[in-house]
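Here is the structure we will look at, set down as structure tokens.
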Amino acid sequence: MDYTVSNSYLNSVMQGVIKKNPNEPEFHQAVYEFLSSIEPVLAIRPDIQEKQILERIVEPERQIMFRVAWVDDNGKIQINRGYRIQFNSAIGPYKGGLRLHPSVNLSILKFLGFEQIFKNSLTTLPMGGAKGGSDFDPKGKSDNEVMAFCQSFMRELYRHIGPDLDVPAGDIGTGAREIGFMFGQYKKIVNEFTGVLTGKGLSFGGSLARTQATGYGLCYFVNCLLKKHNDSFAGKTVVISGSGNVATYACEKATQLGAKVVAMSDSNGYIYDENGINLDVVKDIKEVRRARISEYVKAVPSAKYTADENGSKGIWTIPCDIALPCATQNELNLDSAKALVANGVKIVAEGANMPTTLDATKYLQENKVYFCPGKAANAGGVATSGLEMCQNSARLSWSFDEVDSKLEGIMENIFNNVDTTAEKVGMPDNYVAGANIAGLLKVADAMIAQGVI
């Protein structure tokens, strides 16, 4: 793909990233999306260029890669690769998830870590940007095998993290089970009980509402946009890709706010229920039985299941008012965007990280669709992780309603900041530019104040 930025200075930064990081398309895409939207801020803040903030911010402070050896249930030694990309700590300790999936590589983790810098900045909480994980696949593994991997993974990672240094969280493939095993091993090694991981179980320092946070936060952000236009979720038709944590609780909150969610998906296909998704059935399939979404039609015969080798591509042909891509990166392409626009979509808000391709984003914006980027719209998850860190530091546990109320307030602040910033730079309703510029300014100010490091 041609990653040429129109501004000569920004283009030089972009080309430098490509040269230094060859064969990393996801990272290139994330940096290009960022650089191509921030030109208006250069005229307002010439010190960003003078102090070479952009050249510094695209270079991770630290990239850690290591071997993870473990023994499976058959006594065979397995080898995986572990990573931690500590991207930027200007405004606080590194913070970002651990992804366990066969697709994990340097490019994907660098794109995620780069996005995390600005997402964390937007929350207003003191958290830097990082990401990590492994190409280990927990699917189909026994609890003993998952434990063996997690303990081996932590035997190396522990030396690079800490409550005031780097606080990892969950991500794709890393749920409560995996976090529990990792936390136990960390505690054993360092002989301390600290809030070094978030997403923990409630019995050992976890936060209520953390499971729901990303999906709930996504809907709170969209609700702010609807309120701005004197509208609401009531009566709206919503399509959500995915059926994991984010998608499930986005479905729950959208339904609570009066919308009808008619479709969800997994990596094998999607379901369509014109009467509205029965979330109790989805939760039983995904959270209890860990089965495929195709099982839904057995419980709800009136629904339809469509096998789709591309996972959720076909789901975007279903007419809706609001589309919430909550599965994985680059799942919503240009053809999907055209189908959504043709069917009258009004809002596309990202629940996953970078689920929309660059050409799809451009098409949606050109066709007057309100597009809400993940670094703003899905920041509720890391925001609540930040709240878990606060509770751990104070040795307190807040109620569900207290955490949920703080989450809603954070998402309202994020929307208002993004919306106001877009207006200030002469790009009203461009929430990509608003999010990138608002996120950048806080980090840039901190980097300038701390000198050349």
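The residues of the stretch 172-194 that are closer than 18 Å to Leu387 by Cβ and crowded, with 18+ Cβ neighbours inside 10 Å, listed by number, are Ile179, Phe183. Just one residue in the set Pro22, Pro46 is closer than 19 Å to Asn105 by Cβ, loosely packed, with under 14 Cβ neighbours inside 10 Å and outside the structural domain of Asp143 (by TED's automatic domain parsing); that residue is Pro22.
For Val288, the conditions (1) at pLDDT below 95; (2) closer than 27 Å to Thr361 by Cα; (3) among the hydrophobic types (A, V, I, L, M, F, W, C) all hold with the exception of (2). For the structure I just gave you, tell me whether Phe400 is modelled with pLDDT of 95 or more, under 21 Å from the mean Cα position of the chain (by Cα), of a type in the set (A, V, I, L, M, F, W, C) and closer than 21 Å to Cys251 by Cβ. Judged against the criteria, Phe400 is not a match.
When each of Ala376, Ala438, Ala383 is tested for being touching a residue at least 60 places away in the same chain (Cβ under 8 Å), under 30 Å from Ala342 (Cβ atoms), buried (at least 22 other Cβ atoms within 10 Å of the Cβ) and outside the structural domain of Phe183 (by TED's automatic domain parsing), the lone residue that passes is Ala376.
The sole residue among Val104, Val146 that is in contact with a strand residue (DSSP E or B) (Cβ under 8 Å, 6 or more places away or on another chain) and farther than 21 Å from Ile453 by Cα is Val104. Filtering the stretch 193-218 to residues that are touching a residue at least 60 places away in the same chain (Cβ under 8 Å) and either small (Gly, Ala, Ser) or closer than 16 Å to Ala323 by Cα (or both) leaves Gly195, Gly199, Gly205, Gly206, Ser207, Ala209, Ala213, Thr214, Gly215, Tyr216, Gly217, Leu218.
The values are calculated or read from the model by the stated rules, or taken from the named source; none is laboratory data. Note that this is a predicted model, so its numbers are computed, not measured. Please note: Cβ atoms are built from the backbone with ideal geometry, for glycine as well, and neighbour counts cover all protein chains shown.
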